[in-house]
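The values are calculated or read from the model by the stated rules, or taken from the named source; none is laboratory data. On a predicted model such as this, the values are computed, not experimentally measured, just so you know. All Cβ positions, even for glycine, are placed from backbone atoms using ideal geometry, and neighbour counts span all protein chains on display.
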Amino acid sequence: SDVCSSDLISTQFALDEIFGINNLQFIPSTFERAANSWTKQVDILHIDGFHDYESVSDDHEQWKKHLHNDSIILFHDVLEFPKDLGKYFDELDGYKFIRPQSCGLGVYCKNKKLLDFVKELSLNIPV
């Protein structure tokens, strides 16, 4: 729902320069505009826009057509906004866990085996 290009630039720099990850595409746009013009399937979707229930639901719904059963969706701030974003995350049908650092990163996937793998990886990420 919101756009912060300086966050995108610093994140892309860190991923490329520090970790050597350069196969990601950052889209400085609103979720709605990006979802309407996107033509590929999405493996990882990070939702970090407005935190009210309706906006999070809209963001997720707009991107559903681009997701597959192994897609991972990250919902930022689920612990910071428990009555809205946190409630939406809790209501999702599938497998999920919350990484409590940084106001809560909700990690969701329909594939339990893949989510368990991601959860194990996340345990090795320094806080």
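See the values below:
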| item | result |
| --- | --- |
| Residue within region 54-66 that is over 27 Å from Ser37 (Cα atoms) and out of contact with any Phe, Trp or Tyr (no Cβ under 8 Å at 6 or more places or on another chain) present | no |
| Filter result for Asp16 (over 16 Å from the mean Cα position of the chain (by Cα) and either more than 20 Å from Leu114 (Cα to Cα) or modelled with pLDDT under 90 (or both)) | yes |
| Breaking point among (1) more than 22 Å from Asn36 (Cβ to Cβ); (2) in contact with a helix residue (DSSP H, G or I) (Cβ under 8 Å, 6 or more places away or on another chain), for Phe81 | (2) |
| All positions within region 50-86 that are hydroxyl-bearing (Ser, Thr, Tyr) and crowded, with 19+ Cβ neighbours inside 10 Å | Ser71 |
